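To start, the structure under review is shown below, and the notes come after it.
The numbers here are math on the coordinates, done by the rules we state, and not lab data. A quick note: this is a predicted structure, and the numbers were derived from the prediction, not measured. Cβ placement follows ideal geometry from the backbone for every residue including glycine, while neighbour counts extend to all protein chains displayed.
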Amino acid sequence: MLARRTLLRRLGGAPDVRRPPWTASDFLEGCSRCNACVDACPEQVLRIGDGGFPQLDFSHAGCSLCGECASVCKAGVFDLARQAFAWHAHIDEHCLALAGIHCRSCDDACEPRAIRFRPQLGGAALPTLDTDLCNGCGACLAPCPGNAIHLTREAIHA
C-alpha cells in the first residue's frame, strides 16, 4: 500500500506528504507515533496522517517555526540544527495579481517578507518571490484565493 501511494505521488496523483520541520528522510523509522508533536502545535498545522505519522497541513495556516513540536518529542527525531524545510514557495501563472487583479493576500501572510509586490504603472502590483528569504513555512498557501502558490522541493545545502 505504501509503495502504491509513493507511485501515485510520483505520477502526480497524490500530493507530497510533508513531515514536521527539522526532520530527515529517516523520520518514519524513528517516530513512535505518540502524537505529542501534533498535540503541542499551537498553529495546528501538524495532523495525524497515513499510518499514524505526523504530517503538515497548510490548508488553514502556516508553521511559525516555534519549535514546540521538537521540544516535546521523546523519540529524538527532530534536529534543530537542520534546515527546517526542504522546499520553498512558487507562484504559479494563474496568480490573480498576474492576471491584473489587485490581490496581496500572500504578501500580508509572509512574515519573512519573501513575497513582495512591485508597483506597475496602470495595473496591479506584481508579486516577486525571494527564495533566499522563503523559509518554506507555508503561511502564504491558505490565504491565496486563487490557490496559485505551491511548495517546491529544493536541494538542501549543508
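Below is a table of values for the structure above.
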| quantity | calculated |
| --- | --- |
| Longest site-free stretch - the chain; sites: trypsin sites (Lys or Arg not before Pro), DSSP loop, at most 13 other Cβ within 10 Å | 114-158 |
| Nearest-0.05 FRET efficiency for residue 81 and residue 35, computed from C-beta distance (R0 30 Å) | 0.80 |
| Ratio Rg/Rh [Cα only; Rh per Kirkwood] for the chain | 1.01 |
| Segment residue 17-residue 64, length gained on full extension (0.36 nm per residue, minus Cα span) | 15.0 nm |
| Rounded Å value of the spacing that divides the Cα centres of the stretch 119-143 and the stretch 39-82 | 25 |
| Förster radius 22 Å - calculated FRET efficiency between residue 27 and residue 71, Cβ distance, rounded to 0.05 | 0.85 |
| Two-decimal log10 I(q)/I(0) for the stretch 56-136, as the Debye equation yields it once each C-alpha is a single scatterer, q = 0.14, 0.15, 0.21, 0.23 Å⁻¹ | -0.59, -0.65, -1.03, -1.17 |
